[in-house]
1. Can you tell me which residues in region 214-236 are touching a Ser or Thr at 6+ places or on another chain (Cβ under 9 Å) and under 23 Å from I293 (Cβ atoms)?
2. Within region 274-295, can you find the residues that are within 13 Å of T251 (Cα to Cα) and touching a residue at least 40 places away in the same chain (Cβ under 8 Å)?
3. So which of I328, I318, I342 is β-branched (V, I, T), within 27 Å of the chain's Cα centre (by Cα), at pLDDT below 90 and surrounded by 13 or more Cβ atoms within 10 Å (Cβ to Cβ)?
4. Restricting to helices (runs of 4 or more DSSP H) lying wholly in region 95-214: which have 2 or more residues that are without any contact (Cβ under 8 Å) to a residue 24 or more places away in the chain and surrounded by fewer than 20 Cβ atoms within 10 Å (Cβ to Cβ)?
5. What do you reckon, is N362 crowded, with 23+ Cβ neighbours inside 10 Å and among the polar types (S, T, N, Q)?
6. What is the number of the single condition among (1) more than 20 Å from N188 (Cα to Cα); (2) in contact with an Asp or Glu (Cβ under 8 Å, 6 or more places away or on another chain); (3) surrounded by 18 or more Cβ atoms within 10 Å (Cβ to Cβ) that R397 does not meet?
7. Of all residues in region 215-224, how many are hydrophobic (A, V, I, L, M, F, W, C), assigned to a strand (DSSP E or B) and either over 30 Å from Y153 (Cα atoms) or out of contact with any Gly (no Cβ under 8 Å at 6 or more places or on another chain) (or both)?
8. In region 88-114, what residues are within 16 Å of G78 (Cβ to Cβ) and of a type in the set (D, E)?
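The values are calculated or read from the model by the stated rules, or taken from the named source; none is laboratory data. What you see is a predicted model, and the numbers here were worked out from it, not measured in a lab. Counting neighbours? That spans all protein chains shown, and the Cβs are built from the backbone with ideal geometry, glycine included.
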Amino acid sequence: MNYSTTAPSRANARTGIDEEFSLKNATSYGGANLYLDYLEAIGLQSKLQAEIPIEKAEYSTYELSKVCMLLITGYTLGKDRILQFEDLEGDPLLMKKFGLDKIPHYSLLYKDVGRFDTEEKVGSLKSVNGALLEQSLTNDVIMDFDSSVTTVYGNQQKADMGYNQNKPGRLSYHPFFCFDGKTKVCLNAELRQGTASNSPDFKDFYAGTKSLLPSGIDTSYARFDSGFGGEDVYRVLEKDNVGYVGKMKMTDRLRRHAAAHPFKRVEYTDLVVEVTSFNYQATTWNKRRRVVIVRTKDPNDDQLRLSDEYGWDYRVLITNLDWDCTDIWRFYNQRCTSENYIKEVKSGFGIGNYPTDDFYPNAADLLLKVISYNCFIAFKNDLCDEPLESLTVERMRRYFLRIPAVIRKHARRLLLKLDENFRFKDEYMNMRRRLETEAFV
């Protein structure tokens, strides 16, 4: 039986509700109107135009800066693969906001990402991200360095069989990240081959990150995990007078040194925590440095042991700060949230889904997703009420961005009609008022 797309359908007669496909100018992303207005307020497209040196042919329908804007918007809306952008092609709201008769086909998006085919062109996206940092940063930053292993499922250029805890033996990339521990924004990111190690690459990545910071922003402190341990890292930060706290691996030699120093008990709710510190020089270091040992155990563990030394979990921290051991420990613990930032970037914006087989376009896609993440963080910090600032991007999509709406003409203007029973209507209007009354550039 054939049914008309405009005439009422009786296919679901049992429900008592007829169906027809006749609603015009409907969008599934009504909340994107507010978000795109914010991106305009912070001048994102003008920054893309100013920094990206790639020129398309004069007859091209879609400017590269507009394509990048569309990619950034789509990644924020949850399209973590370029193929999924076909869902947006007929969306009337996005067409109106971008001034287009049609959202470009996803095959063109692949082609335009492929235009970032050199390190210099990819670096232009780093400059765009640097231009956005002023929107979010305060007077100084706490650099939280981390890296992530992202498994690939093809023959991507420079993907290698490096360390891969989740899928040993699979090809992967090993991207670098640096977040600001105060504002959560990603200061810098860099795609690297799967066998890349952190310490040898640290100096250049650190210098590149500093060069992206707006004028007047100081680097106060740095934190990193044991993957960044080594003379190369410590010497760079010490030369730059940056206070750092990093994690080290416990060795038998360190354990013997720790046994010769008394531990101090720290009051703590769920665990017994004891700390000590001493100067120590590993065989690969050129001088002695301060090491803080933190050991913890369950206060309810009454298992009999041959020695009191058994049952403790040890954490080793290296630092050039003269703070109390407890403060060093608590300060490093705050870094653990950076792993949540990476999780948000990976699961929320699709980092790890690489669109091409070529390295530099994949690096560009990584940076476009980082820019999407930073715009989302700035959006929350600038417009959201305090209870909403902790929302993940997935919850923000569910609460605010994926709102069904219809575009109508009213008094010679376009009107976006939203659900009158929308659960977060008051919060939405508070964001709209902030956007209309405050300056963001």
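1. If we filter region 214-236 for residues that are touching a Ser or Thr at 6+ places or on another chain (Cβ under 9 Å), which is where we start, we get 217, 219, 223, 225, 227-233.
R223, D225, G227, F228, G229, G230, E231, V233 - these are the residues of region 214-236 that are touching a Ser or Thr at 6+ places or on another chain (Cβ under 9 Å) and under 23 Å from I293 (Cβ atoms).
2. To start, the set of residues in region 274-295 that are within 13 Å of T251 (Cα to Cα) comprises 280-283, 291, 293.
Residue satisfying the conditions is V291 alone.
3. Working: I328 fails: at pLDDT below 90; I318 fails: at pLDDT below 90.
Of the residues listed, the single one that is β-branched (V, I, T), within 27 Å of the chain's Cα centre (by Cα), at pLDDT below 90 and surrounded by 13 or more Cβ atoms within 10 Å (Cβ to Cβ) is I342.
4. Values: elements: 106-113, 119-133, 198-212.
Result: 106-113, 198-212.
5. Working: crowded, with 23+ Cβ neighbours inside 10 Å: yes; among the polar types (S, T, N, Q): yes.
Yes: the conditions hold for N362.
6. (2)
7. Of all residues in region 215-224, those hydrophobic (A, V, I, L, M, F, W, C) come to 217, 222, 224.
Now drop any that are not assigned to a strand (DSSP E or B), which leaves 222, 224.
Right, trim to either over 30 Å from Y153 (Cα atoms) or out of contact with any Gly (no Cβ under 8 Å at 6 or more places or on another chain) (or both) and you get 222.
Within region 215-224, residues that are hydrophobic (A, V, I, L, M, F, W, C), assigned to a strand (DSSP E or B) and either over 30 Å from Y153 (Cα atoms) or out of contact with any Gly (no Cβ under 8 Å at 6 or more places or on another chain) (or both) number 1.
8. Matches in region 88-114: E89, D91.
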